[in-house]
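Engineer: Just dropping this structure here.
Derivation of every value follows stated rules applied to the coordinates shown; laboratory data play no part. Since the structure is predicted, the reported quantities are computational estimates derived from the model, not experimental observations. No Cβ is skipped: glycine too gets one built from the backbone with ideal geometry, and neighbour counts run over all protein chains shown.
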Amino acid sequence: MKRPGVFIQTNAKQAIGAKVSAYSIKRNSRHADEFDVTVMHQEQYPMFLGREGQTYRRHGVEHIWLNADLQSFTLTRFMPPQLMGYVGRALVVDPDVFAVGDVWDLLTRDMNGKAILCRQLKSKGKGFATSVMLLDCAKLTHWNVEEGFSELFKLKRDYHDWITLKLEAPGTISTLEPEWNDFDRLTPATKMVHNTRRRTQPWKTGLPVDYTPAEYAPVIGWLMQLRRKLFGNYGLLGYYRSHPDPKQEQLFFGLLQECLNKGLVGEAELKSAMENDYVRHDALEVIARTSPLP
């Protein structure tokens, strides 16, 4: 039987977060030697680089593909079934998701014949949150990211419909408890905390915003489209703010502190990320004042 695999998607801008995520998953599992963790770097796949500057639709709104965007990695979340040879189980995780529980409990759960387990978004009409997904790879042989990506730029599919699983047969998906993808909430019940509010990601505080906001909502969406046309992709977006929950900042920097101590993240690597505005400029000071995790 093929070993389960955990796949963390990232790009250069979120690479430090991805390393911390991978470390947290192994650190907090009683069965860390029974599954593999793979970090998927978007820059390693030529199909993305070749689409720079091309037009696609998201929520029906036309956008330009930018490989330098904070979240240019998101469509790699559909690659694990191919990478697993359409065999076995895969857990897909965003680079801003950190385990505080044991993912083995998720990797080994009964999927009741479903192909995908993930969190439902607030209303059924909005689809599913694919930032954390448990996949039965054998049931997802129709997932071919290169073909889907090509369809995206032929305007045959909408990015939002793809990313929220609206293109999947509803009967193949089952809902996952929110604690496995806890949106900016860290409680005793949390299994994986997701710093999904990009503006308050703890490692980005004080840096200029470098992600593309949604542009589909009435009035605000139109204003965001106008802003982008007049001032550029990130013009007038301001700066990242502090996370409102100090415990989540402490968790991230406590994990990063351990990564540095174990040599999983090098100090030169971290300083380079700080110089490139991928990580807040006071990261080393924050690490120095962070109490060690239990």
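Engineer: Separation between the Y86 and K154 pseudo-spin-labels, each 7 Å from Cα along Cα→Cβ, expressed in nm?
Structural biologist: 1.9 nm
Engineer: What FRET efficiency would be calculated for the residue pair A138, R199, taking the C-beta separation as r and a Förster radius of 30 Å, to the nearest 0.05? Don't jump to the answer; show the numbers that get you there.
Structural biologist: Values: r = 39 Å, r/R0 = 1.29.
Using R0 = 30 Å, I get an efficiency of 0.20.
Engineer: Further, regarding this structure: Among T164, T76, T108, which one shows the highest mean-square fluctuation when the chain is modelled as a Gaussian network with alpha-carbon springs under 10 Å?
Structural biologist: Result for the chain, Cα springs under 10 Å: T108 fluctuates most.
Engineer: Related question: How far, in nm, would the chain grow between D36 and E267 when pulled straight, counting 0.36 nm per residue and subtracting the alpha carbon separation?
Structural biologist: Net length gain for the segment: 80.6 nm.
Engineer: Quick check for me: using +1 on Lys/Arg Cβ and -1 on Asp/Glu Cβ, what's the dipole size of the range 5-194 about its Cα centre, in debye to the nearest 20?
Structural biologist: Roughly 340 debye for the range 5-194.
Engineer: Let me ask something else. Report the one residue of G88, I173, G5 whose Cα lies farthest in the direction of the positive end of the charge dipole of the range 5-194 (charges on C-beta: Lys and Arg +1, Asp and Glu -1; origin at the Cα centre).
Structural biologist: It is I173, whose Cα lies furthest towards the positive end.
Engineer: Length gain on complete extension for the stretch E275 to A12, per 0.36 nm per residue less the alpha carbon to alpha carbon distance?
Structural biologist: 93.4 nm
Engineer: Would you give the gap between the C-alpha center of the range 57-75 and the C-alpha center of the range 240-257, rounded to a whole Å?
Structural biologist: A separation of 27 Å, based on Cα centres.
Engineer: Which of I173, I163, I64 ends up with the largest GNM mean-square fluctuation for the chain, with Cα atoms connected below 10 Å?
Structural biologist: Greatest mean-square fluctuation among the candidates belongs to I64.
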